[in-house]
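All remarks here apply to the structure that follows.
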Amino acid sequence: MEIKRERVGTGGAGSSGSDAAGGVPLVDPRALRVNKHDSKELLRGGELLGATAPASMDGDELERYVHERVLTTTVEKAVAWGRSNSFFPLAFGLACCAMEQFQTAGPRMDIGRFGFEAFRASPRQADLIILAGRVSIKMAPIIRRLYDQMLEPKWAISMGACCSSMGVFNNYALVPADKFMPIDVHVPGCPPRPEGLMHGILKLRKMVQDDPDAGWRERYDARGTEEILRDEQVGPGA
Amino acid sequence: MTAGQMSEYRRREESITLSVVGEQPAEDTHEELLTLNFGPHHPATHGVLRLLVTLQGEVVRSIKPVIGYVHTGIEKTAEDKAYWKVIPVVERMDYLSYYFNAMAFCGAVETLAEVEVPKRAQYLRVIHLELNRIASHLIWLGTSALDLGAVSIFLYCLRERELILDLFEMSSGARMHTRYFQVGGVIEDIPAGFVEKARAFTKVMPGRADQYGAILNANQIILERLRGTCAVDADTLLSLGVTGPLLRAAGNPWDLRKAAPYSSYDDFDFKIPVGTVGDNYDRFAVRVAEIYESVKIIDQALDGLPEGPHITTDRKIALPPRHELATSMEALIHHFKLVTEGFRVPPGEVYYPIESPRGELACFVRSDGSSKPARVHMRDPSFVNLQALSHMAEGSYIADMIATLAMLDPILGGIDR
Amino acid sequence: MPDATGLELLAKELRESEDVGARAILGTLHFRGRATLEVAPDNIRAVLASLRERGYTSMMSVHGVDYYPHEPRLGVHYELLDMSSVDRMTVVLRVSTDEPVLDSVTPDGEDGRGWPTADHQEREIYDMFGVVFRGHPDLRRILMPEDYEGHPQRRDFPVGGEPVIFTHNEGESHGVTR
């Protein structure tokens, strides 16, 4: 198709006249839509390809044409891709591992290049809880409550030896995190290097990408602790 | 518009009589004190500290700290382990100043066992302690600035801390909790290249600290948040047992490195930064000034680093070097005894205080003659300094309380142990 | 640190003074250059007050020790510091587990000013060892949960923890999700 360049409103082939006041001449909007990317035209390889392309493609050729240019996927996979590349970690540091978590978010081992630098303060806005540090018996119910407050789908990384197992301290005061909440990835180390934590997070990312089924409740048998509003607590306007 | 033409909304609006709003509230309305729970999970508390804050409007009326959320039973675990195995356990207590925890414990055991630490080991200890002090102050500065809103300072401080952690990794293999200090000295001599890298760091650090100062020192927001807020005089702080930069900000120049020098600190020439008013700005300025002084100490220690053994030559306490094991039977026996049972320490009790970035950190060790300590107690400075929080922040606004908590520099690992 | 003779002279002074008396000072110990004064539990406030007059104005630490199996089992150590002459003094007392009651040194009393720094530290000794401090403004557990039973740092309290799982005792492991 030929592209005619014309000044807007000055003579030419336009059917539009000028504004009554003599200012900017009005243009018919339809004339401005020169590049109408009609999907049918695109698929058929029609006028856009110029004089050499066939006017239309059919059958196998069309299929090949489409395969080369259009990405198909399932909705689950697309959603999993989106979820895995945008974890919002909960800003939650308990002890020494939190210092290495800071370093992971720091300039050298930048967690932001993967897209995870938005540490949220509120569990309602986070979907990844990185348990960084030792979990004492006083803190365990609070962590469980935080985990319950997170919205699904949610994942948990147990960073460091102390929350994965008991770590250096095998005594009365600590609880391994597996005992009270489902953990997806355990990262060993005391404290794990930022590279180690990064490896753990990327493993989780791969896990979420590959397995779009976020049926973690079935996998971990984690029923019975959801926060459900009782009927009388339902908000105004209901 | 006549009344007939008014919309329903306007009619309702007209029916409100403003006189009711302008009246004094009736006698039965009262101001309530609101108790707010700054829970253990909070972005502004440094670690898992829970504060029950009672507010009158925005003014803080009382603060009750609740701690214990990261209590790890370190002292109980330490009773179960041989002396040299206690060192990694005790290091994880005040998790930003790990070398200091190890130093306090090793110093206590060395006093009990009457072990002499060679001069080179003392200088190496000083270098690592001062590097750790700078690293601890950098995290403090980063997180405090984050609380006050200066987000970029956090990243700058982490960048500097990476340099320090590289140095630690060079000397001991680990970035944090390095087990570098052992009873009698340090576990290994520094590798070739450490001195040059450390000098490169000390050359760069004052300039970087100047950069932080350029952003923060005369910044309007920092001045308004920190100047004149939550000042406490030195006598009250002393009666509360507060030591360290908090006490120095209030004007009392008490520093154990100068008052009761340990580990060759008297060989070095450095100043103690002291504040005048004792408000938050002084606390901030004192800690930043301490970074410069620590750099000076490291430089002097690197200059004067003597030759010699890096750990005591007493084979009953320290492992013999590996090459001796092939030739000397005694070395083999010593190695065996030390690794399986550990060394025995004569019975007694010792309290060994040092100056950590937060104040007086002391280790009390009671030995009953066996190879395991009978009681290890760390007198942690943050635990005692936390008692001053209510004196500092009561009567000021919530925002000042947040700034004070940041300037207090509490490390919950040390508080809860 | 006062040297050995200085310590003995100080102990003699305290024994002869009115408010402390001879019954209070049970012994002295000079070990590795550090001075320790052992006192009877009933007179702790008087002893600390007179030491404060003699210059030991700062209390640096209050901590507990379990001397199991020697009786009386529970010891409480007070670390005092004289800042102007850089002197340290440890005051030690022992109570038994049958009657672990002691006067708290935190509040101000009729016998003089208290030591506010001992507040949280005495709570920790109560939590960890079970020593009850009479007159403490707020004696509750500080490190363990409020409803915890037992005093963990006593030597006959088990260390606890999880069993270390090897292949031969894999069945014992619980709480690990598959």
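For the reader, a short list of remarks on this structure follows.
- Options B:Leu226, B:Leu305: the member that is crowded, with 20+ Cβ neighbours inside 10 Å and either at pLDDT below 90 or on the phi < 0 side of the Ramachandran plot (or both): B:Leu226
- Selected residue (only one of C:Glu79, C:Glu38 is within 8 Å of chain B (Cβ to nearest Cβ) and under 22 Å from C:Gln121 (Cα atoms)): C:Glu79
- Filter result for B:Tyr281 (within 14 Å of another protein chain (Cβ to nearest Cβ), aromatic (Phe, Trp, Tyr) and either closer than 25 Å to C:Asp82 by Cβ or surrounded by 15 or more Cβ atoms within 10 Å (Cβ to Cβ) (or both)): no
- Scan of region C:1-57 for residues that are out of contact with any Leu (no Cβ under 9 Å at 6 or more places or on another chain), part of a helix (DSSP H, G or I) and surrounded by fewer than 16 Cβ atoms within 10 Å (Cβ to Cβ), ordered by number: C:Ala4, C:Thr5, C:Gly6, C:Glu8, C:Leu9, C:Lys12, C:Glu13, C:Arg15, C:Glu16, C:Glu53
- Sub-7 Å Cβ pairs linking a first residue in region A:109-126 that is without any contact (Cβ under 8 Å) to a residue 40 or more places away in the chain to a second residue that is of a type in the set (Ser, Thr, Tyr), at least 6 apart or interchain, are A:Gly115/A:Ser86, ordered by first then second residue.
- Taking the criterion of being of a type in the set (S, T, N, Q) and in contact with a strand residue (DSSP E or B) (Cβ under 7 Å, 6 or more places away or on another chain), the only residue of region C:1-32 that qualifies is C:Thr28.
- Yes/no for B:Glu162 being farther than 25 Å from B:Val183 by Cβ, within 14 Å of another protein chain (Cβ to nearest Cβ) and not hydrophobic (A, V, I, L, M, F, W, C): yes
- Residue in region B:261-268 that is at pLDDT 90 or above and within 23 Å of B:Ile402 (Cβ to Cβ) present: no
- Of the candidates B:Asn37, B:Asn101, the single residue that is touching a residue at least 12 places away in the same chain (Cβ under 8 Å) and crowded, with 24+ Cβ neighbours inside 10 Å is B:Asn101.
- Any hit, region B:180-194, residues being farther than 30 Å from B:Glu114 by Cα and in a helix (DSSP H, G or I): yes
- From the options C:Asp66, C:Asp111, C:Asp87, C:Asp98, residue that is over 14 Å from the mean Cα position of the chain (by Cα) and within 12 Å of chain B (Cβ to nearest Cβ): C:Asp87
- Elements of type helices (runs of 4 or more DSSP H) in region B:209-304, at least 1 residues being within 19 Å of B:His391 (Cβ to Cβ) and out of contact with any helix residue (DSSP H, G or I) (no Cβ under 7 Å at 6 or more places or on another chain): B:234-239
- Meeting the requirement of 1 or more residues that are surrounded by 19 or more Cβ atoms within 10 Å (Cβ to Cβ), the helices (runs of 4 or more DSSP H) wholly within region B:310-417 are B:329-340, B:381-385, B:388-393, B:398-408, B:412-416.
- The lone exception for B:Phe154 - which of (1) within 17 Å of B:Lys197 (Cα to Cα); (2) within 11 Å of chain A (Cβ to nearest Cβ) it fails: (1)
The values are calculated or read from the model by the stated rules, or taken from the named source; none is laboratory data. This one's a predicted model, so the numbers in the text were calculated from it and none came from an experiment. Don't worry about glycine lacking a Cβ; one is built from the backbone with ideal geometry, like all the others, and counts go over all protein chains shown.
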